[in-house]
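Q: The structure that follows is given in the form of structure tokens.
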Amino acid sequence: MFWGLGAGEKGKPRKKGRLDLHSPKLKQDLLWAIIQNAPVAYIITDKSYRVKFVNNRLLRLRRLERDEILGNICYNALNGGVPCTACVVRKAMEDGRGHRVLRKDTMSDGSVVYTDDFAVPISVDGEEGLVLNVLVDRTLEMQFKEKTNALFLEVVRSLIRLLEKKDPYTSQHCREVSAIASKLTRYMGLDNNAVYNAMLGGLLHDLGKLHVPDSVLNKNGRLVGWEVDSIREHPVFTYLVLPDLESFKTIREIAISHHEKWDGTGYPNALKGEEIPVEARIAAVADTYSAMTSDRPYRNGLGHEAAMEEIKKNAGTQFDPNIVEKFVRMVDEGSMDRDTLTAPEETTTFVRMLQTNRLIQRRLKKAAETTGGHAQGCLPDSAVRGFTAHSSFADAILNATPATFTIVDESLNIIYVSSRFAHAHGKSVDDLCMEKCFDVINGKVTYCFEVKDGCVRCPVVRVFATGKQQYALIREEVAGKTQYRGTYAVPMTLDDIDGKPIRCCLLILFDRTDEKLAQIELEEDLKRIADMLYNFVTELTPGTTGNIDGVSGAAVSFNDYLEKMQGELAEMLASQGAD
Ligand SMILES: [Fe+2]
Ligand SMILES: [Fe+2]
């Protein structure tokens, strides 16, 4: 049963503000109230992309008047007359399935808006070929994510600045190796993750040289005895200093193995051939090219031709011959210009681009694998099937929204639940109606329902207290698994039998588990990187940490910064209530 008003049947008559729970009109009114009050934008388009329906939220989200969009082609009104790239509406029309994409739009006033964009094919009252587009505003979360990513890069840059302070040559060399190795990795057709690792691996591969005395690093002439040992320690030192994190695994391998040789005569582990990770074999070629073509205090660079000759000559002994062949071809084709290798902007933009959604995509992929393959967070098939069973317009819209809906009255009785909600709690709709909301959910939700009678930080209670929309991220343990629900609580009124208004609260829950877990993972990584950086600075240069270009300062204040960001986000989300 999709529709969920069943109070009278359970013998729990309402004391005041009686609703005629069996009235079809109330049902229809209620659904419309949800559609207009939900913090979700809806658009319905026909086969020729003409807009047949929009709700108020869409108009507010995109800052449009109703007559600017109704009856128009959707992309004329929403995308400056150009069909959207990766348009989910088109995809849904083509294959009859649900699709999802996260889109980024720049508004006419220059502000950037992120939207979770779902599209599902629907038929309404016999009209086929319509597509329902569901848009959920994700701007605040994405702003937070961008700040976190920027912070990650700051930490990496701090390491590079640290190296620069000690040894400008090595710092410049690391940037070059990063640029060459990532170009070569891309040229060889390896995936984006490998390119990302080549980029960071190159930047950090010689970090351990901070451990080598200046007199040895810049010595003009042959190194002897302990000096050789000291230089040869740098790959191991880099390996030990970088955090032992899954996301740093390949970067550490590049660091420790970039002086290994194809014929097994390298150091520190005398690895041979393919025992050396391919990323490190690529870095070795880039490392030699950069080292040979750079000027040192005690000698000028040997030049491009000499470096290429040296690399070709050592293919099969020092280097993987296959990689040398690719490198030579890449250089011959003009894909590498030494003078542009260190353009920092390219590096920065690229790292940011790759880092932004890497974790989320990994999580979504994992989720898709474990749930039988809904690609990249698409709506499950059941959502699409739901439409054919419910031809009513309002039913169709609500059933297609990837969220659960509940309406609670001022006594915290549930007066409406969507079938998705009931399903998520393993109960029938009838079981849940007129139950106290905290009886249904208490014990499962650990964030807001901390107290049995009423909930300390419950967004519903806050809605009745303030009359304003609330947002909370709720953590829930379901069948031993942690899940996160983005919960909007929206004030609304319904008319009772005598036409008097009854105050209610509409609760809309979106699944935010993948995003939240990815965020937690990224924050954990960042914390450990920051700890590593701080320990590194204090161990290496005792007593001088405060003086190294604010590097230690950045590390110390990292956790504070993160907390501040989280506080800001919570405030921003709470202030949505004023919307
Ligand atoms: Fe090195
Ligand atoms: Fe190097």
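No lab work stands behind these numbers, since they all come straight from the coordinates. Please read these numbers as outputs of a predicted model, since none were measured by experiment. Quick reminder, even Gly has a Cβ in these numbers, built from the backbone with ideal geometry, and neighbours come from all protein chains shown.
Q: Given the pairs Lys47/Lys91; Lys91/Lys516; Lys183/Lys326; Lys261/Lys312, which span a C-alpha to C-alpha distance of over 18 angstrom in this model?
A: In this structure, Lys91/Lys516 lie more than 18 Å apart at Cα.
Q: Express in nm, to one decimal, how much length is gained between Asn72 and Asp244 on full extension, taking 0.36 nm for each residue of separation and deducting their alpha carbon distance.
A: 56.4 nm
Q: Still on this structure, I have one more. Going by how many other beta carbons lie within 10 Å of each one, how would you line up Phe405, Phe53, fewest first?
A: Phe53, Phe405
Q: Please identify which residues in segment 48-63 have an amide N closer than 16 Å to a label point set 7 Å out from the Cα of Lys468, following the Cα→Cβ vector.
A: Of the residues in segment 48-63, none has backbone N under 16 Å from the label point off Lys468.
Q: Set the Förster distance to 56 Å, then compute FRET efficiency between Glu309 and Val82 from the Cβ-Cβ distance, nearest 0.05.
A: After rounding to 0.05, the efficiency reads 0.65.
Q: Apply the Karplus curve 6.51 cos²θ - 1.76 cosθ + 1.60, θ = phi - 60°, to the phi angles in segment 234-242 and return the couplings in whole Hz, x for Gly and Pro.
A: Using θ = phi - 60°, the values come out as 5, x, 5, 5, 4, 4, 6, 7, 6 Hz.
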